[in-house]
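The values are calculated or read from the model by the stated rules, or taken from the named source; none is laboratory data. Just so we're clear, the structure is a prediction, and the values are computed from it rather than from any experiment. Heads up, the Cβs are rebuilt from the backbone with ideal geometry, glycines too, and the neighbour counts pull from every protein chain shown. Remember, those area values only see protein heavy atoms, side chains included, never the ligands or the DNA or RNA. Shrake-Rupley method; radii C 1.70, N 1.55, O 1.52, S 1.80 Å.
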Amino acid sequence: MPRALWTAWVLGIVISLSKEGAPHQASSLSCDPAGVCDGRSRSLSSIPSGLTAAVKSLDLSNNRIAYVGSSDLRKCVNLRALRLGANSIHTVEEDSFSSLGSLEHLDLSYNHLSNLSSSWFKSLSTLKFLNLLGNPYKTLGETPLFSHLPNLRILKIGNNDTFAEIQAKDFQGLTFLQELEIGASHLQRYAPKSLRSIQNISHLILHMRRPALLPKIFVDLLSSLEYLELRNTDFSTFNFSDVSINEPSTVMKKFTFRKAEITDASFTEIVKLLNYVSGALEVEFDDCTLNGRGDFSTSALDTIKSLGNVETLTVRRLHIPQFFLFYDLRSIYSLTGAVKRITIENSKVFLVPCSLSQHLKSLEYLDLSENLMSEEYLKNSACEHAWPFLHTLILRQNHLKSLEKTGEVLVTLKNLTNLDISKNNFDSMPETCQWPEKMKYLNLSSTRIHSLTHCLPQTLEVLDISNNNLNSFSLSLPQLKELYISRNKLKTLPDASFLPMLSVLRISRNTINTFSKEQLDSFQKLKTLEAGGNNFICSCDFLSFTQGQQALAQVLSDWPENYLCDSPSHVRGQRVQDTRLSLTECHRVAVVSVVCCALFLLLLLTGALCHHFHGQWYMKMMWAWLQAKRKPRKAPRRDVCYDAFVSYSEQDSYWVENLMVQELEHFQPPFKLCLHKRDFIPGKWIIDNIIDSIEKSQKTIFVLSENFVKSEWCKYELDFSHFRLFDENDDTAILILLEPIEKKAIPQRFCKLRKIMNTRTYLEWPADETQREGFWLNLRAAIKS
């Protein structure tokens with residue numbers, strides 16, 4: 001049995017056993033063939049029975065499990081992830097996890113474990129993740145919990161209510177942690193050097209409501225911690241006294257205060273704390289509250305003189321309840337001289353005083369996104385000698401309205417190269433503007449502009465004008481290398497002659513319906529094109545180009561997922577890469593040409609066949625027959641001019657003209673005969689003459705002979721008689737047989753004539769002269785009848 005089928009079978013047994021063993025439970029586990037079993041939020045009161053080695057991952061979080069027994073997981077020897085968070089577990093047997101030698105992820109968070117045991121983890125040497133947060137223990141126990149976990153990389157411990165003490169032995173055996181999270185909101189005791197036993201910590205998240213023990217912890221972490229994050233800390237009463245630091249250098253690179261409460265006085269203490277960090281430092285204040293007016297202690301700050309090695313300062317969502325009483329920050333100007341990167345985002349900043357801007361002499365990057373900056377206040381901020389080394393300024397989503405005034409205000413920033421003024425409401429663009437002379441990057445996305453002018457600086461190398469109302473791009477930017485123009489209304493690619501240096505073009509989600517190889521080739525330096533999300537017309541040429549160019553996938557960064565056909569309608573929604581059109585759609589001209597040639601050849605063949613088989617004659621006869629069908633069956637009496645129409649071969653004219661005419665027309669009373677030589681109207685179509693003559697004659701005499709059946713005109717006359725007059729109940733035809741004729745000599749198409757000759761009597765010209773008088777007598781009688 002294949003391995004996958006065996007696994008599925010075993011998991012099926014697991015599920016069925018769990019149903020049998022726990023019929024009171026709301027629902028059982030759901031497991032996939034890979035051994036991942038999901039039992040979240042199913043009101044389970046115990047770990048399902050019947051679990052086997054096929055289970056690789058088991059998630060039983062958000063249930064009502066209260067107890068983990070020694071046999072519950074004994075057979076799960078291949079288990080790698082066990083999630084038991086958010087249950088009601090109060091007891092875990094000592095050897096509950098003893099068989100889980102492959103376990104890498106263990107989550108016991110938010111249960112009712114008041115006592116932790118090191119015996120739980122003795123067999124978990126491969127464990128990498130352990131979460132013990134949210135349990136009501138006061139300490140981590142009497143013996144080191146983690147000494148048997150050499151591969152542990154992420155550890156979460158503590159709670160926000162009862163966890164009160166960090167002991168010296170708590171972290172013994174741990175040498176390196178990628179992340180350590182400690183819930184210590186009510187921490188009361190910290191044994192010195194407790195955290196120093198961990199030689200290296202990449203990221204420490206410390207939930208500490210009261211920071212009284214922070215200085216001791218901070219000192220222990222200076223030589224081992226790279227990133228310290230304090231959450232929900234109230235610094236209102238924080239006091240950082242001078243401490244003795246024996247470490248010549250620190251490894252700390254980042255310090256974050258998240259949802260912290262700070263006062264004017266505690267801000268000074270925090271600055272003292274940061275001053276002990278050597279090396280470049282990034283400081284972040286996220287969603288913090290400053291309960292003050294910016295009245296910082298000048299005397300205390302004078303002793304510090306700088307923010308140590310803080311190079312990056314980030315402030316997001318800073319709330320200042322007494323903002324309307326806030327000072328001008330003049331007291332901290334001296335601390336800002338070494339800061340290189342500042343981000344103040346979504347903090348209601350409407351002005352950076354000119355004097356502060358002038359003190360930021362090392363500033364290279366300034367982000368004031370989602371604030372209240374306008375052109376009037378920006379002019380004060382970007383005053384003469386302000387931000388002398390600033391190369392990147394971000395003013396995204398502020399209150400800027402005039403592109404002309406914004407450019408004019410920023411001309412003082414001689415080294416500015418990157419400017420982001422996106423998500424402001426400029427609406428229109430003036431014909432000309434002033435800009436810093438070194439501008440290379442400009443972001444005007446989401447600014448509602450509907451046309452481009454020469455206001456844009458010619459020095460640009462990167463331009464972002466996405467998400468606007470642009471219908472076209474016809475601006476020459478000779479140095480532009482990257483153009484971002486997605487989510488506009490462009491119908492075609494820009495003209496490559498305007499952008500000779502372009503290497504990146506992102507033009508997705510416009511109204512472009514096609515592009516060609518010639519267009520792409522015209523961009524000589526283009527390396528990346530993103531054009532998905534447009535309304536492509538999947539024509540044969542477009543499909544041939546996109547599907548036939550293997551190298552195109554290297555240029556189209558979003559190929560093939562975002563390239564869908566919009567038309568023709570029968571392929572709408574299909575990927576361009578997968579679309580196939582029929583031969584008639586792709587080679588319409590060729591198909592039409594072939595069809596026309598075939599029709600022409602068919603006509604030629606039909607003409608040849610008609611000529612060979614007298615098709616034209618047949619058609620004429622058919623037309624004559626149709627006309628005759630519409631006429632009365634017999635002509636009115638007044639229209640009958642002849643006693644008989646004589647149909648004969650030219651070869652038999654002597655007999656007709658010298659014998660029959662003499663006998664009939666010179667008889668008393670004479671018979672009037674219709675002969676084609678004598679009575680046909682000149683210039684009239686011969687078929688019409690035949691039809692009229694037959695219709696104007698009482699009888700039709702056919703002089704049959706071998707010559708007759710060979711004569712074309714006799715055939716016409718005989719054919720018409722066959723169509724119009726021959727009827728088994730009609731006696732208008734008189735057949736005279738001049739000489740014996742074999743029936744096979746009569747054409748097959750005159751089937752009625754054959755039938756009449758078999759069923760009716762005909763006159764036969766006698767060879768014996770003595771019998772000829774009787775022949776003429778019978779003929780006269782037939783005509784009169």
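Given +1 on the Cβ of Lys and Arg, -1 on the Cβ of Asp and Glu, and no further charges, what dipole in debye does the chain carry about its Cα centre, rounded to the nearest 20?
Working: 86 positive and 84 negative charges, 194 e Å.
About 940 debye.
Distance from a point 7 Å along Cα→Cβ of K414 to each backbone N in the stretch 337-365: keep the residues under 17 Å and list them by number.
Residues 358-364 fall inside that zone.
In nm, what is the difference between 0.36 nm times the number of residues separating Y333 and V589 and their Cα-Cα distance? Show your work: numbers first, answer last.
Details: separation 256, 0.36 × 256 = 92.16 nm, distance 7.77 nm.
Extra length available between Y333 and V589 comes to 84.4 nm.
Note down the net charge around T237, summing +1 for each Lys or Arg and -1 for each Asp or Glu among other residues with Cβ under 14 Å from its Cβ. Spell out each step's value before the answer.
Working: positive: R209, R210; negative: D234, E261, D264, E269.
Summing Lys/Arg as +1 and Asp/Glu as -1 gives -2.
Can you tell me the orientation of helix 588-612 relative to the chain, as the angle in degrees between its alpha-carbon axis and the longest Cα principal axis, to the nearest 10?
With rounding to tens, the tilt is 10 degrees.
Tell me, what is the percent relative contact order of the chain, built from C-alpha pairs under 8 Å that lie six or more residues apart?
Working: 1739 pairs, mean separation 26.4, N = 785.
Value for the chain: 3 percent.
Which GluC sites (Glu not before Pro) from the stretch 118-181 combine a DSSP loop assignment with at most 14 other Cβ atoms within 10 Å? List each step's numbers first, then the result.
Details: sites: E142, E165, E179, E181; in loops: E142.
Sparse-neighbourhood loop GluC sites (Glu not before Pro): E142.
Out of all Cα-Cα pairs in the stretch 29-160, roughly what percent, to the nearest whole number, are more than 25 Å apart?
On the way: 1427 of 8646 pairs.
When all Cα pairs of the stretch 29-160 are counted, 17 percent exceed 25 Å.
Where does the charge balance sit around F545 when Lys and Arg score +1, Asp and Glu -1, over other residues with C-beta under 14 Å from its C-beta?
On the way: positive: K517; negative: E518, D521, D541.
Cβ neighbours under 14 Å give a net charge of -2.
What figure, in Å² to the nearest 10, do you get for the accessible area of M619 with a 1.4 Å probe and non-protein molecules left out?
About 130 Å², rounded to the nearest 10.
Count the net charge of all other residues whose Cβ sits under 10 Å from the Cβ of N151, scoring Lys and Arg as +1 and Asp and Glu as -1.
Details: positive: K128, R153; negative: E104.
Summing Lys and Arg as +1 and Asp and Glu as -1 gives +1.
Among the listed pairs K216/K340; K379/K414; K340/K414; K440/K517, give every one whose C-alpha distance is greater than 21 Å.
Details: K216/K340 30 Å; K379/K414 15 Å; K340/K414 17 Å; K440/K517 30 Å.
With Cα atoms farther than 21 Å apart: K216/K340; K440/K517.
Counting only DSSP beta bridges with both residues in the chain, tell me the antiparallel percent, nearest 5.
If we restrict to bridges inside the chain, about 5 percent are antiparallel.
Would you work out which of S362, L502, H391 lies farthest towards the positive end of the dipole of the chain? Charges go on Cβ: Lys and Arg +1, Asp and Glu -1.
Comparing the listed Cα positions along the dipole, L502 ranks first.
Hey, with R₀ at 56 Å, roughly what FRET efficiency would L659 and C597 work out to, going by the Cβ-Cβ distance, to 0.05? All intermediate terms of the calculation are to be shown ahead of the outcome.
Values: r = 59 Å, r/R0 = 1.05.
Computed FRET efficiency for L659 and C597: 0.45.
Relative contact order, percent, of the stretch 498-600 when contacts are C-alpha pairs under 8 Å separated by at least 6 residues? Numbers along the way, then the final one.
Numbers: 143 pairs, mean separation 24.0, N = 103.
Computed value for the stretch 498-600: 23 percent relative contact order.
Enter the accessible area of R448 (Å², nearest 10), with the probe set to 1.4 Å and all protein chains included.
Here the residue's solvent-accessible area equals roughly 140 Å².
Can you compute the charge dipole magnitude of the stretch 330-397 about its Cα centre, using +1 on each Lys and Arg Cβ and -1 on each Asp and Glu Cβ, nothing else charged? Give it in debye, rounded to the nearest 20.
Values: 7 positive and 7 negative charges, 44 e Å.
So the magnitude is around 220 debye.
Which percent of the Cα-Cα distances in the chain go past 41 Å?
Numbers: 203184 of 307720 pairs.
Roughly 66 percent, once rounded to a whole number.
Going 7 Å from the Cα of A551 in the Cα-to-Cβ direction, what parts of the stretch 528-545 have a backbone nitrogen less than 17 Å from that spot?
Label zone hits: 528-529, 545.
Accessible area per residue, 1.4 Å probe, Å², for the stretch 342-459: what's the number?
Working: 5200 Å² over 118 residues.
Accessible area per residue: 44 Å².
Are there GluC sites (Glu not before Pro) in the stretch 524-596 that DSSP puts in a loop and that have at most 16 other Cβ atoms within 10 Å, and which ones? Walk me through the intermediate numbers first.
Details: sites: E530, E561, E585; in loops: E561.
Answer by residue number: E561.
Would you mind getting me the FRET efficiency between Q771 and I686? Use the beta-carbon distance for r and R0 = 30 Å, nearest 0.05.
On the way: r = 36 Å, r/R0 = 1.19.
After rounding, the FRET efficiency stands at 0.25.
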